[in-house]
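The values are calculated or read from the model by the stated rules, or taken from the named source; none is laboratory data. The model shown is predicted, which means the values in this text are computed figures rather than measured ones. Every residue, glycine among them, receives a Cβ derived from its backbone with ideal geometry; neighbour counts consider all protein chains shown. Note: areas computed on protein heavy atoms with side chains; ligands, DNA, RNA excluded. Shrake-Rupley method; radii C 1.70, N 1.55, O 1.52, S 1.80 Å.
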Amino acid sequence: MNTMQDKPSNGIYSANNSIKPVNFFCSARGAKTVQLAGDFNHWHPILMNQRKDGWWFIQMWLPLGHHQYHFLVDGEPTLDLHATGIARDEHDEPVSLIAVG
């Protein structure tokens with residue numbers, strides 16, 4: 001006898017719940033600190049790791065969709081030159097845009 005199981009009502013299998021690892025890199029030789037802040041972490045800066053080649057790096061797990069962010073290089077907001085695009089935040093300031101899909 002074949003039976004069908006109901007899908008969970010909480011949407012656990014929905015594409016909206018998918019997350020992917022995203023690597024962020026920032027070239028900022030000579031910087032003392034580089035942080036990443038975006039809509040995915042409520043704009044709370046996270047310290048990035050400096051690599052031996054001078055690049056700064058962090059991996060974040062982000063949900064599918066478009067996300068706004070910027071780097072803070074020694075406290076100064078800096079756009080990502082390798083971003084998918086540029087958008088404006090709620091204060092009409094330019095921010096980097098990434099598409100996760």
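Efficiency by 1/(1 + (r/R0)^6): what FRET value for Thr33 and His66, r their Cβ-Cβ distance, R0 = 30 Å, to the nearest 0.05?
For R0 = 30 Å, the calculated efficiency reads 0.65.
Highest mean first, what order results for 78-91, 61-74 on Cβ atoms within 10 Å?
Highest-to-lowest ranking by the protection proxy: 61-74, 78-91.
Kindly identify segment 15-101 as rounded, prolate or oblate by the Cα gyration tensor criterion: order the square roots of the eigenvalues as a ≥ b ≥ c, call it rounded if a/c is under 1.5, otherwise compare a/b with b/c, prolate if a/b is larger, else oblate.
In terms of gyration-tensor shape, oblate.
For segment 24-66, which whole percent of the accessible surface, found with a 1.4 angstrom probe, sits on carbon and sulfur atoms?
Here it works out to 55 percent.
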